[in-house]
Amino acid sequence: RLEGYDYSLPGAYFVTICTKDRKNLFEIESVGNDLCVVPPQNALIHKWIKETENKYPNVKIDKYVIMPNHIHIIIIIKERHTGRSLHDIVRWFKTMATNEYIKLVKDGEITAFDKKIWQKS
């Protein structure tokens, strides 16, 4: 991050969110013949990325890719909104994705993680 920069300003931001200790918690998705097989741990990432635009109407998610141990997202802040910075947006996404990941672990749909899903900062 650029020290002193105001990350609530309108603009396009390339964000990488890494898993803690670079653990491979996600999967590469198989795509073929217009059919995409989405593992449950990836489905929750798709869901909360899309929900980000509903939570923050001044935000557009342009593109994103899910890798085994990180996610790349281009987040566009269309207009300044008081109290809503890039940090707030990413923190909300991480919280929501973590909560759903925990639910899937409890339901036995995916394997447990070790204490934390996301790398700090």
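The values are calculated or read from the model by the stated rules, or taken from the named source; none is laboratory data. All values derive from a computational prediction rather than experimental measurement. With ideal geometry, Cβ positions are generated from the backbone for all residues, glycine too; neighbour counts draw on all protein chains shown. Ligands, DNA and RNA are stripped out before the accessible areas are found, and what is left, the full protein with its side chains, is counted by its heavy atoms. Shrake-Rupley method; radii C 1.70, N 1.55, O 1.52, S 1.80 Å.
For the criterion of being surrounded by 14 or more Cβ atoms within 10 Å (Cβ to Cβ) and either among the hydroxyl-bearing types (S, T, Y) or assigned to a loop (DSSP other than H, G, I, E, B) (or both), R84 passes. Restricting attention to segment 20-39 and to residues that are among the basic types (K, R) and either surrounded by 14 or more Cβ atoms within 10 Å (Cβ to Cβ) or modelled with pLDDT under 80 (or both), the residue that is farthest from T111 (Cα to Cα) turns out to be K20.
Please work out which residue is farthest from I45 (Cα to Cα), limiting yourself to segment 57-101 and to residues that are among the small types (G, A, S) and in contact with a strand residue (DSSP E or B) (Cβ under 9 Å, 6 or more places away or on another chain). Only one residue tops the list, namely S85. Scanning segment 40-55 for any residue that is of a type in the set (F, W, Y), modelled with pLDDT of 95 or more and assigned to a helix (DSSP H, G or I) turns up at least one such residue. Each residue in segment 56-81 was checked for being within 21 Å of Y5 (Cα to Cα), part of a strand (DSSP E or B) and open to solvent by 70 Å² or more (accessible area, probe 1.4 Å), and 1 of them qualify. Set side by side, the residues I102, I71 differ, and just one is among the β-branched types (V, I, T) and under 12 Å from the mean Cα position of the chain (by Cα), which is I71. Within segment 76-100, residues that are over 17 Å from C18 (Cβ atoms) reach partners that are in a helix (DSSP H, G or I) and acidic (D, E) with beta carbons closer than 8 Å, at six or more positions or on different chains, in the pairs M96/E51. Of everything listed in (1) small (G, A, S); (2) surrounded by 17 or more Cβ atoms within 10 Å (Cβ to Cβ); (3) under 22 Å from L2 (Cβ atoms), the single unmet condition for A97 is (3).
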